[in-house]
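Any read-out appearing in this document is the output of simple, stated calculations on the displayed coordinates, not a laboratory observation. These numbers come from a predicted model, not from an experiment. Neighbour counts run over all protein chains shown; Cβ positions are idealised from the backbone, glycine included.
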Amino acid sequence: MPCRLFILLFCWGLTHSCFAQEEAINWFDQRPLTLHLVWGYPSVDSLYGTPQYIQYLKFGQEEYRFDLAWVSDSLVRTSDLAERQESTAAINGGFFDMKAGGSVTYLRADGQTINDTGASLVKQKNEILEGAVVINKQGRLQIRRGKRIQRKKRYEDVLVTGPLLLYRGKAEPLVDRAFNNDRHPRSCLCTDDQQNVYFITVDGRHEQAAGMSLHDLTRFVQDLGCTTAINLDGGGSTTLYLRSQGVINHPSDNRQFDAEGERPCANAILAIRR
């Protein structure tokens, strides 16, 4: 082999190796809390070219049931919504009216319609209407497509949100727009082939945590092993609460990298031990 070609290939190999090493995720940074609950905090200084701070909770549905907590005319912190029902854990839910309170997308709880989707969102065919978090009377959670989900009365609780990121193992197409393409704090819900449920938060808006685009988030949940995933409200709303620890991510509403910056929200998804 000519010397110059060998040097080029050797340098390319080193460069490729460095990039692979930079983006490697240590999935073993996790702590089993019970037989069916794992707290994960994957260690990575640079993922997709930026610093990231990620937390997730993985629940087995044999031991944990799920529920929606909500307020219709005010805003309450995710941790407070969780503590009212003595939940094991909670993640902030769907999109809401920051002035009047209440969900801006369809929300049904305990079989009763609490909020309807705003007419402007329907007219826009907005992506946040693409999916739904649904919970049956036994407290089992699934992620479904949002279209016509309101008509399926077998679900006790329904929260329409989105965009869908993965559905039945396939990545969903994302519209080319700033909401999807820019890096922000993100909240996400996903399930795997064993129907384990994951609450995931990605912090952002800080030098220690850049946040992710929805394209990056889709790639991340695929690497995590999820087969169906849905985006929740993110930005300053992004909050993950664990009863034994309190808020375990760094909500960005106070512009500090600590656990004190929770934004009051209109709803949350709860995990409760059976």
**Message:** Connecting C-alpha atoms closer than 10 Å in a GNM of the chain, tell me which of G225, G146, G40 has the biggest fluctuation.
**Reply:** G225
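Could you size up the charge dipole of region 25-273 around its Cα centre, putting +1 on the beta carbon of Lys and Arg and -1 on that of Asp and Glu, and report it in debye to the nearest 20?
On the way: 30 positive and 30 negative charges, 218 e Å.
Dipole magnitude for region 25-273 comes out near 1040 debye.
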**Request:** Tell me the label-point distance for the pair Q150, D97, using the 7 Å Cα-to-Cβ offset, in nm and rounded to one decimal.
**Result:** 1.5 nm
**In order through region 120-126: 3J(HN,Hα) via Karplus (6.51 cos²θ - 1.76 cosθ + 1.60), integer Hz, x for Gly, Pro** = 5, 5, 5, 4, 6, 6, 4
**Asked** Mind checking the angle between helix 214-224 and the chain's longest principal axis? C-alpha axes, 0 to 90 degrees, to the nearest 10.
**Response** 80 degrees
**Request:** Give the angle, between 0 and 90 degrees and rounded to the nearest 10, that separates the Cα long axis of helix 3-22 from the longest principal axis of the Cα atoms of the chain.
**Result:** 20 degrees
**Message:** What distance in nm separates the two pseudo spin-label positions at Q124 and Q112, each 7 Å out from Cα along the beta-carbon direction?
**Reply:** 3.0 nm
**Item:** Value at 222 nm in deg cm²/dmol, rounded to 500, when DSSP H runs of n ≥ 4 in the chain each add -39,500 (n - 2.57)
**Value:** -5000 deg cm²/dmol
**Request:** Under 10 Å from the Cβ of P163, count the other residues' Cβ atoms, weight Lys and Arg +1, Asp and Glu -1, and hand me the total.
**Result:** -3
**Request:** Could you grab the relative contact order for region 25-273? Cα pairs under 8 Å, six or more apart, rounded to a whole percent.
**Result:** 27 percent
**Request:** Report, in cubic angstrom per residue, the convex hull volume of the C-alpha atoms of region 210-274.
**Result:** 127 Å³
**Prompt:** Rg and Dmax of region 41-141, Cα atoms, in Å?
**Reply:** 16.3, 45
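With a/c under 1.5 counting as rounded, go ahead and sort region 25-273 into rounded, prolate or oblate using the C-alpha gyration tensor (a ≥ b ≥ c being the square roots of the eigenvalues; past the cut-off, prolate if a/b is larger than b/c, else oblate).
rounded
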**Message:** Students often forget the sequence filter, so: which lysines lie under 21 Å Cα-Cα from K153 once same-chain residues fewer than 8 apart are removed?
**Reply:** K137
